[in-house]
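The values are calculated or read from the model by the stated rules, or taken from the named source; none is laboratory data. Quantities reported herein were computed from a predicted structural model and do not represent experimental measurements. All Cβ positions, glycine included, derive from the backbone under ideal geometry; neighbour counts span all protein chains shown.
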Amino acid sequence: MMTDNKVLIVDDELDICYLLSGMLKQRNFQTGFVNSISAATAALRENAPSLLFLDNHLPDGFGLEFIPYVKQNYPEIKIIMITAHDGAVERKKAYEGGVDLFIAKPLTRKMINDAIDKLFMQNPVVS
């Protein structure tokens, strides 16, 4: 189980932030979102979450390049990469960098719930 219920969403698409936030709030998570790597860095310093949803293409850089920073400075944070750019190279680089899961957009409620269950539930419900 998660040690706390804080989640940070890092995506430059506001509709994705609102969509994820709504889904997560239904599962009693406290959510926040930012739209850039620089804002994510500040948010992590201020109040590190247990879970980070991270887009790859952000206005000030690539999420793939941000993963090692997060894992080095906040090793307890689980990272789920969410991106529309779902190629073998991106997946490989994400997992090598330390991402816990990789989900291709478009996102569905089932995809998000399954990812959270896989990372945090000791006995996930199989659907």
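Exactly one residue among Ser21, Ser38 is more than 17 Å from Phe120 (Cβ to Cβ) and either part of a strand (DSSP E or B) or in contact with a strand residue (DSSP E or B) (Cβ under 6 Å, 6 or more places away or on another chain) (or both), and that residue is Ser21. The set of residues from the stretch 68-127 being farther than 21 Å from Lys6 by Cβ and of a type in the set (Phe, Trp, Tyr) comprises Tyr95, Phe102. Applying a threshold of 6 Å to beta carbon distances and a minimum spacing of six or more residues, or different chains, the list of pairs starting in the stretch 5-32 at a residue that is touching a residue at least 60 places away in the same chain (Cβ under 8 Å) and ending at one that is of a type in the set (A, V, I, L, M) and part of a helix (DSSP H, G or I) reads Met23/Ile112. Considering each of Val99, Val70 in turn, give the residue that is in contact (Cβ under 8 Å) with a residue 40 or more places away in the chain and either within 21 Å of Tyr18 (Cβ to Cβ) or in contact with a strand residue (DSSP E or B) (Cβ under 9 Å, 6 or more places away or on another chain) (or both). Val99 is the lone residue from the list that is in contact (Cβ under 8 Å) with a residue 40 or more places away in the chain and either within 21 Å of Tyr18 (Cβ to Cβ) or in contact with a strand residue (DSSP E or B) (Cβ under 9 Å, 6 or more places away or on another chain) (or both).
When you look at Gly61, is it under 15 Å from Ile112 (Cα atoms), at pLDDT 95 or above and surrounded by fewer than 18 Cβ atoms within 10 Å (Cβ to Cβ), yes or no? Answer is no for this residue. Taken over the stretch 91-114, residues that are more than 17 Å from Lys71 (Cβ to Cβ) and not hydrophobic (A, V, I, L, M, F, W, C) amount to 7.
Restricting attention to the stretch 79-127, the residues that are among the aromatic types (Phe, Trp, Tyr) and modelled with pLDDT of 90 or more add up to 2.
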